[in-house]
Each structure stands twice: as structure tokens, then as C-alpha cells.
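Shown next, in C-alpha cells, is the structure this report addresses.
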Amino acid sequence: MVIFDCNGVLVDSEPIANAVLADAFQQAGCSVTADILARRFHGRGLSDICTVVEAATKRKLPSDFAATVAATMHERLRTELCAVPHAAYALTWIRGPKAVASSSTLDRIRLSLAVTDLLRFFEPRLFSGDFVTQGKPAPHLFLLAAERLEVAPEDCIVVEDSAVGVAAANAAGMRPIGFVGRGHTEGRLAGDLLAAGARTVIADLRALKGAIIDLRGW
């Protein structure tokens, strides 16, 4: 089983998400920029980000904050989102079942994959951070995916673009591949992913099949 993160691995959503969230924080009176979100919260779920921001700013976010962010995010994703280059190529040529395990909500995962014509590779094997009480870097989401799909964790390979995601996969007993191909500072991120436990790092999804073969001996 190959399990993919969604944002930044399959779809190029990080710039959109960071811009929307930064604007929402600014409107709520919290000085959080898109750059801060990219550097400090890469791979984290919205609830975790909000908890940290509220504690740091000592300001309570509006009760409808998450819903407002989601509505704006979905509107922009529908019109602006693109697949990561060569995602469909990689998914077509990787043998065996594939799943998505993302910190995003299930609605956002499904929308992102539908807009980019990638949903056909995964439905219904979609797992959201909302399914577990502890998000990445805890292993819970990956372990839930393996349990529901009746696959042993050690038989799973995970493709992640964040250090917290790689750490979560490692903690679950899975083998993570790091991806640095979308809008990242590749040298810095590659080092972070390797330090978190990535077995290898790729910068182009066309190299994913070969990386999986090397790990699994297919």
C-alpha cells in the first residue's frame, strides 16, 4: 500500500491555503503571515495551528473561524488549484492500491482531488485528520488508514512533503519517502525530511516509482 499526503504532494495547494489562512488571521487581529505558516506549520491541521496561534497571541479566534476559512479556501481551490506536475503519471504507473491520509478535512481532500482529476485513483480510500484525536506528527492517522484497509503498517510506504508527516509515518512503522518538488527550498526541506526519518527524497514525481521499487524490491 502506498499512502499519500495530499497538499504539496498531489495538489499544489500550499500557496493558496497559506494566503487564505494568513488573511483570516489578520482579519481576526492575529499577526500571522503566509511565510510564518509555511515555515512553522507545514503539514499541520487547522485545529492545531489555531491552538498555537491563540496561545501565542492570547487572542480567542471567532467561533466561526474554521467555517469561514473553509468556505474561502474551497472557493479558491475550485478556481485556482492545479495538480502537482506528473502526479497522474506517477499514480498510473504505481502498482497496487493507493490511499490519501491528510491533515485536511475530508471535504477539502475530496474537492482538491476532484478538481485536479486525481480522485479516481483513491476513492474511497481517503483519510482525514478529523478522523483522529491527534494529528501528525502522531502516527494515529496512518495507523487508522492501515487498520481500515487491512494492511500491516510495515507494508505501507508513505509519500510526504513535511517533516511532521514523515515523523508520523516513521512512528507508525511505515517507510516514508520525502517529496520536495513544489515551491519548497529543496535543500533545506530535504535535510529536514531526512532528519525526520525519510528513507529517500525525490524532487519529481516521475522518480516515485523507482523510489518505491528500491524500498520494496518490486
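The values are calculated or read from the model by the stated rules, or taken from the named source; none is laboratory data. Note that this is a predicted model, so its numbers are computed, not measured. FYI the Cβ positions are ideal-geometry reconstructions off the backbone, even for glycines, and counts take in every protein chain you see.
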Quiz prompt | Cys30, sole failed condition from (1) assigned to a helix (DSSP H, G or I); (2) farther than 20 Å from Leu81 by Cβ; (3) among the hydrophobic types (A, V, I, L, M, F, W, C) | solution = (1)
Practice problem: Tell me which residues, restricted to segment 43-95, are of a type in the set (Asp, Glu) and either in a loop (DSSP other than H, G, I, E, B) or closer than 23 Å to Arg125 by Cα (or both). | Solution: Asp64
Quiz item: If a residue has to be among the small types (Gly, Ala, Ser) and at pLDDT below 90 to count, how many in segment 14-40 make the cut?
Solution: 6
Quiz item: Which one is surrounded by the fewest Cβ atoms within 10 Å (Cβ to Cβ), of the residues in segment 59-91 that are in contact (Cβ under 8 Å) with a residue 24 or more places away in the chain and of a type in the set (Ser, Thr, Tyr)?
Solution: Tyr89
